[in-house]
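The values are calculated or read from the model by the stated rules, or taken from the named source; none is laboratory data. Everything quoted here is computed from the prediction, not taken from an experiment. In this analysis, Cβ positions are derived from the backbone assuming ideal geometry, glycine residues included, and neighbour counts consider all displayed protein chains. Protein only, heavy atoms only, side chains kept; ligands, DNA and RNA dropped before computing areas. Shrake-Rupley method; radii C 1.70, N 1.55, O 1.52, S 1.80 Å.
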Amino acid sequence: MKQIVKDHAHAAVEPTAAQVAEWLGGELKDGAGAPGRLSGLATLAEAREDEISFVASDKAVQEAPASRAGLLIVSPHHADALAGRARVVVAEVWAAVARLMERLYPPPAPPPGIHPTAIVGRDVKLGHDVSVGPYCVLGDGCELGDGAVLGPHCILDAACRVGRASRLVARVTLVGRVEIGARVLIHPGAVIGADGFKFELVAGAPLKIPQVGRVVIEDDVEIGANTTIDRAFLYETRVGRGAKIDNLVQIAHNVHVGPGCILAAQVGVAGSARLGAGCLMGGQVGVRDNITVGDGAMIGAQAGLNADVPPGQALQGSPAMPMKQFWRVSAALARLPEYARRLRALEMKDEEESKK
Amino acid sequence: MKQIVKDHAHAAVEPTAAQVAEWLGGELKDGAGAPGRLSGLATLAEAREDEISFVASDKAVQEAPASRAGLLIVSPHHADALAGRARVVVAEVWAAVARLMERLYPPPAPPPGIHPTAIVGRDVKLGHDVSVGPYCVLGDGCELGDGAVLGPHCILDAACRVGRASRLVARVTLVGRVEIGARVLIHPGAVIGADGFKFELVAGAPLKIPQVGRVVIEDDVEIGANTTIDRAFLYETRVGRGAKIDNLVQIAHNVHVGPGCILAAQVGVAGSARLGAGCLMGGQVGVRDNITVGDGAMIGAQAGLNADVPPGQALQGSPAMPMKQFWRVSAALARLPEYARRLRALEMKDEEESKK
Amino acid sequence: MKQIVKDHAHAAVEPTAAQVAEWLGGELKDGAGAPGRLSGLATLAEAREDEISFVASDKAVQEAPASRAGLLIVSPHHADALAGRARVVVAEVWAAVARLMERLYPPPAPPPGIHPTAIVGRDVKLGHDVSVGPYCVLGDGCELGDGAVLGPHCILDAACRVGRASRLVARVTLVGRVEIGARVLIHPGAVIGADGFKFELVAGAPLKIPQVGRVVIEDDVEIGANTTIDRAFLYETRVGRGAKIDNLVQIAHNVHVGPGCILAAQVGVAGSARLGAGCLMGGQVGVRDNITVGDGAMIGAQAGLNADVPPGQALQGSPAMPMKQFWRVSAALARLPEYARRLRALEMKDEEESKK
């Protein structure tokens, strides 16, 4: 492999420390120590002298003195611990990092207009400033809101809607009736609206039940690469406002994902399950059909939920149990063969005493 | 998000209750209570006064009185319990629901013919009434049976065959030699025929073994979105007649999936495993390579099979055990820390007595 | 389904036994028993009299006498046990099989040049003998090395690089900055470079952190169908030389997969985890974020790693434990309800004796 010359992303601008402080609405301290121009953002460990880094945790405060970074973004809580270092003090470090990255690394503007190879059906309504990439296929009656972006190779079945400022990065497929809200981001390979997997055994053989419901994706949702969200049998499958869904996740027919849920990669949610608001699920969690998971539940990676979960519960394991219990059980489980031996020893002692 | 005006699927026809009974070959009872026209099908909970609903279980009978539905589809077994309600009595409720849905919500007819942007290789054989969508790519020597439908962006490698009345919804990829039977339905993003994952350690490094076998998908199979079915090392990978495979499932090289199997989402079946007829697998089940799962086995979600399974067994857990045992073990497992304390208490008592 | 006439792959050439020996640099023994021409390669069980088979294990030696194969490929270790059979003796059976398959079943040559429907951006650098298939989309500034092959429907974002003799089979999507080394093989539906899944809770709501790093895929890597490899938050996600990744695998942002790792289907590796060289992971393994897995670790199917793993360890279970312990624990676990009963019996005996 050829030597990669430029490892880091190339910043669009090289601000001064004072400019960074102004962008972030933060206070520059010990700014004299900063280089004239800052060339980008990096982690504490990887930053060069001309780069900005950030301190977002107590652990990071310990690492910061060894960092070569020329400017640090810190919270008021950590500002004094790093006295002497050029730093910008901001109320919310992660919010500042996100804002700074948008300045330093603005995503390329999508090409304007409809690519000549895109196939656009009849009665399609296009908002202002939409971008439709090469080889997209839009069925009859689709609607794209203002500023909506379809990257290359997206397919929209008839009558699908994509809201204002939403972006389908590339090769996203919407089948059946799909309604996408505003500012939604969908990564390549996602398939939204395929038939729910619903078969009933009739005379011993699986009979396919038609799936005629829709999928509704509310505003500000993000959906990962190659994730699948099936349409409903009747009525709808719904992903609530601001929910974030990682790659290779399966959302079955008629599921409701509550607003603000965060589902890590390879989670699977079976038919008609209901997730409340703000649930967090680690990778590879499985949720059985028709159960309800309460608001704010936190489910550890690889857990299997097979019954309703009360709001706010932290669960782990398959079948799932309260997280603290899971760790106690896991510790005991590792010693189970030893317990079995000790049980046998007691029994033998008891048998011997019985013989006496 | 804009207000969604029309929540339910729009029925193509609005039948009378008598028409519904005629379509389904059922008997209309208390038909006087039905509205003049019925506008669609809905669940008991969601149905409006002008909609049809159905009673497919004992639980549904309890819910039916509270439903606003204007007409119910019921089995002879439940017909009397709902006396007074306008209802159609049919032998098989789910079969009737499926038939009714085909009348009310007929899927749109695929566009006829070969889209001008489709690229069709040499010596391709096309049956009558095939539909090939935009941007499809068909390699040399492919065959499509009568009425076969390829939605947009499907890719068929040279010499692939798709049988009569089969439908590749969109963006399905067939690579290597793939033979698809009749009336097969394949959802977007599925990849059939990619190289099996076969490496042998030679001199400590993984050596790729070429994969030159084929994939055979028999009649009436359904394959979910973004599912992957690999081609064989030699000979074939085969999915038996009528098997139903959900989204994001992995079927490895040389696997045989028996006829009528139902595999839920995210199941993974490793190389050369054999699944018998009519096996049911819940979501995220894993099957190790080279094992045999007997006919009619029922495997609970997230189970891990690492040894042959006799026919008809119901298993759960990883490693899997009989389902009843699994639930007993799971109940005991939750109490394991308590058992450990009780064991310790007995031991201490015993030690004290020994000292006496 | 129509009768499939030709079950086996069709060999491009039909060699004599002596030619096979010459191709493989092996010694032909008892060659008089071989047929004049050999028509292909098959497993011991499936081979016909005019086909070649191979003996790659002690178990295979037991099966070989019953095989109808006209010629066997065997190791020196097994050569005498099969005296009387026409056989070619080679140092490494699997290496010989792979070489023979390349002769018998050479993959079709990719069509030369750039398909007229491919859309190629500005300043794209194309090596000699590249092949770019129909409907590919290459962004500005991409680079393809000599002999690189892009099958149909591949999408490369601006400035992506694909090295010498690498092959993207079909419908592979590279987004963000992606650098692919030489001789890399990527199967259909893989998405490389999508946004990492990184959200920080700010004022109780998930805030998206921009992902501006790159993905580096080193030489000789293989990546399975519908697998997803996310780009880094900052700096890079990296898959080391010769690593082999199966279908539907999730590699999160900033992960490093060491050289020569073999990851089976549906494995998930969370953000910033580090896998050492030559790790082996069975299907559906989960690796938590920010942990380190040592060189040569062997992780059984469905295991969950939630802490650092020392080099060379063999682990299984979720949470993972040493593999031998896992099997002891699993055996004991199946008997846990019995242990609980025996514990209760001891306690009752003890209570009775206390009463005396």
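The ellipsoid that matches the Cα gyration tensor of segment B:297-336 has semi-axes, each √(5λ) in whole angstrom, of 19, 10, 8, with the longest given first. Accessible area per residue was computed with a 1.4 Å probe on protein heavy atoms; residue C:30 scores about 70 Å². Residue pairs exceeding 22 angstrom between C-alpha atoms, taken from B:356/C:356; B:355/C:356; A:59/A:244: A:59/A:244. Each DSSP beta bridge with both residues in the protein assembly as shown is either parallel or antiparallel, and the antiparallel ones are about 10%. Rounded to the nearest 500, the 222 nm mean residue ellipticity of chain B from helices alone is -5000 deg cm²/dmol, with -39,500 (n - 2.57) taken per DSSP H run of at least 4 residues. Using a/c under 1.5 as the rounded threshold, could you call chain B rounded, prolate or oblate? The axes a ≥ b ≥ c are square roots of the C-alpha gyration tensor eigenvalues, and prolate needs a/b larger than b/c, oblate otherwise. It is oblate, given that a/c is not under 1.5 and a/b is not larger than b/c.
Stokes-Einstein diffusion of segment A:1-137 at 4 °C, 1.567 mPa s viscosity, Kirkwood radius from Cα pairs, rounded to a whole number: 76 µm²/s. Chain A contacts chain C over a buried accessible area of about 5200 Å², both sides summed; the probe is 1.4 Å and only protein chains count. Only protein heavy atoms count here; on that basis, with a 1.4 Å probe, residue B:94 has an accessible area of about 40 Å². Note: segment A:200-356, Cα convex hull, 158 Å³ per residue.
Tell me the accessible surface of residue B:222 in square angstrom (1.4 angstrom probe, heavy atoms of protein chains only), to the nearest ten. Solvent-accessible area, nearest 10 Å²: 10 Å².
Heavy-atom accessible area with a 1.4 Å probe sorts B:173, B:292, largest first, into B:292, B:173.
In percent, rounded to a whole number, the relative contact order of segment B:1-111 is 28, using alpha-carbon pairs under 8 Å and six or more apart. Derived scalar couplings between HN and Hα for segment A:97-109 equal 4, 4, 5, 4, 5, 5, 6, 6, 10, x, x, x, 5 Hz in order, rounded to whole Hz, by the Karplus curve 6.51 cos²θ - 1.76 cosθ + 1.60 (θ = phi - 60°), x for Gly and Pro. Solvent-accessible surface of segment C:51-113, averaged per residue with a 1.4 angstrom probe and all protein chains in place: 47 square angstrom.
Within the straight-line cut-off of under 19 Å between alpha carbons, the lysines reachable from residue B:125 are C:2, C:6, sequence neighbours fewer than 8 places apart in one chain being disregarded. When C:123, A:146 are compared by accessible surface with a 1.4 Å probe, the order from highest to lowest is C:123, A:146. Inter-copy label distances for residue B:10: 5.0, 5.0 nm (label point placed 7 Å from Cα along Cα→Cβ; shortest first). The fraction of Cα-Cα pairs per 20 angstrom bin, counted from 0 for the protein assembly as shown, comes to 12, 40, 34, 13, 1 percent, rounded to whole percents. What a 1.4 Å probe finds exposed on segment A:72-186 is 55% carbon and sulfur by accessible area, rounded to a whole percent. Using a 1.4 Å probe on protein heavy atoms, which residues of segment C:36-65 have at least 50 Å² less accessible area in the complex than alone? Listed by number, the residues meeting the 50 Å² cut-off are C:46.
Put A:105, C:235 in order of accessible area, highest first, and with a 1.4 Å probe you get C:235, A:105. Approximating the spin labels as points 7 Å out from Cα along Cα→Cβ, the residue C:128-to-residue A:115 distance works out to 3.1 nm. Kindly identify residues of segment C:256-280 having a loss of at least 40 Å² in accessible area between the isolated chain and the assembly of all protein chains, probe radius 1.4 Å. Buried on complex formation: C:262, C:266.
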